[in-house]
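The values are calculated or read from the model by the stated rules, or taken from the named source; none is laboratory data. Computed from a prediction, not measured in an experiment: that's the story for all the values here. We place every Cβ from the backbone using ideal geometry, glycine too, and count neighbours over all the protein chains shown. Quick note on the areas: whole protein, heavy atoms, side chains included, nothing else; ligands and nucleic acids left out. Shrake-Rupley method; radii C 1.70, N 1.55, O 1.52, S 1.80 Å.
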Amino acid sequence: MSTTNDADVPGMLAPERVVVGALGPLLAGWQLQILLTGLVIGLFWQYVSRGRFARDTIGGKAFLLAVVLLNFANTALDLQLTWKFTTSQDRTTEGVWNYTLVECIQPLTIALSGVLVQAYFARRSALLIGGRIWGKAYMAFMGLVIATALGGSILVTSVDLIDILNPSPAAGSLYVKGSAVWLFMSAFVDVANSATLCYLLSKKVAGYNKETDSALKKLIRLGVETGCYTAFSATVGAILGSTLDPANVYVSGVNNAFWLILPSLYTLNLLHVIGAKDRIAEELHGSRGTQWQSGVKSFNNNAPHAPTFKLGVTIDVQQDIDVESGTEKDIYPMKKYGSGNGGMNGMGGMEA
């Protein structure tokens, strides 16, 4: 039996369609981000339990932890917002529509996840470009685009914060412009990194060595997978955010569901790539019966174990085939530590 304190209280309620339009996409994005974080935990634990994390360099460990922890931070914000909006009894139009402080900072924290992972993939592609000048030029250009995307997210966060303190009709227009810059530029970076990597690796498929060509094709497929999910999510979010009327409370928030999941998508991309490259490298070495011990190459046709790798250790596929002459230089890849080319030419682990 209800007591006086538990009795219903009268209150103003927003129309259901306003609540659905304002909170529906947000709740969908928050819940999907939380679910995808479960996959992040699984992949990260798999990477740690197989001893790969222990073999990473200190810089590599710090980088990977930064990406994973930033994803956890975004998920924690989603949990807090889910709790707030599912338990709050402020169901007025203003109550369900107005931004909270946590919502205001989310575009920036989400963009930071993208910056870290995109910079890593850009560096990986730059290292495959022949010539130090062209590689640096590519990295400088991609750095500029990544900075532009980050600037867009800063504008979105700033507009939201200012709008809390001093609501203005102009805030909606600035928000749309800032989110468009952020998401379109992010999608461009993802596509450019994947396309560059795939193109450069495809040029190395010479047809002279089945094992090396197979490894390269797997890396090319991996490169396509790397950018498609995040690019699709960011592009759809940008298009919807740019075309839907920001003043229409019924539909203007649909784009949120697409960019709220970007932290988990970027983290999953990174974990998938570094795990897959290790497996490809192990398969390549295992098929050749090569073992690595204490940094010295040893040959064993019955090698039972795959080689171990550290972040910054690379297998240079160019050592396998002389593309110009079509002859094998050395069928056993070379192991490099912190070399001048950055220690990663498309096959190794991860180097921060």
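For segment 1-103, relative contact order (Cα pairs under 8 Å, six or more residues apart, normalised by length) works out to 51 percent.
Figure note: Asp56, Asp90 ranked by solvent-accessible area, largest first, 1.4 Å probe, ligands and nucleic acids not counted: Asp90, Asp56.
Packing order of peptides 23-29, 115-121, highest average first: 115-121, 23-29 (average count of other Cβ atoms within 10 Å over each peptide's residues).
Straightening the chain between Gln89 and Cys228 buys 46.1 nm, computed as 0.36 nm per residue apart minus the Cα-Cα spacing. Ranked by the mean number of other Cβ atoms within 10 Å of their residues, highest first, the peptides 5-13, 40-48, 101-109 fall in the order 101-109, 40-48, 5-13. Placing a label point 7 Å from the Cα of Ala147 along the Cα-to-Cβ line, the residues of segment 114-131 whose backbone N sits under 19 Å from it are 114-124, 126.
As a length-normalised measure over Cα pairs under 8 Å and 6 or more apart, the relative contact order of segment 130-188 settles at 46 percent. Each Lys or Arg adds one and each Asp or Glu takes one away; over the other residues whose Cβ falls under 15 Å from the Cβ of Gln106, this sums to -3.
Gain on full extension, evaluated as 0.36 nm per residue between Tyr99 and Leu35 minus their Cα-Cα distance, stands at 20.7 nm. Counting only Cα atoms, the size of segment 174-233 along its three principal axes is 55, 16, 8 Å, in decreasing order.
Available extension along the chain between Thr243 and Ala170 is 24.6 nm, counting 0.36 nm per residue and deducting the alpha carbon span. Value of Rg to Rh for segment 79-179, rounded to two decimals, is 1.17; Kirkwood radius and Rg both from alpha-carbon coordinates. Direction-averaged projected area, Cα convex hull, segment 215-265: 3.9 nm², rounded to one decimal. Computed from the C-beta positions of Ile154 and Val9 and an R0 of 35 Å, the FRET efficiency is 0.30 to the nearest 0.05.
Annotation: amide H of Asp56 within the under-5 Å range of Leu311, sequence separation 5 or more or interchain, hydrogens built in the peptide plane. Solvent exposure of Tyr138, expressed as accessible area, is near 30 Å², computed with a probe of 1.4 Å over the protein chains only.
Packing around the peptides 62-71, 252-261, taken as the average count of other Cβ atoms within 10 Å per residue, puts them in this order, highest first: 252-261, 62-71. First obtain the Kirkwood hydrodynamic radius of segment 133-255 from its Cα pairs, then insert it into the Stokes-Einstein equation at 25 °C and 0.890 mPa s, and state the resulting D in µm² per second as a whole number. The diffusion coefficient I find is 148 µm²/s.
Remark on segment 56-116: Rg and Dmax equal 15.6, 53 Å (Cα only).
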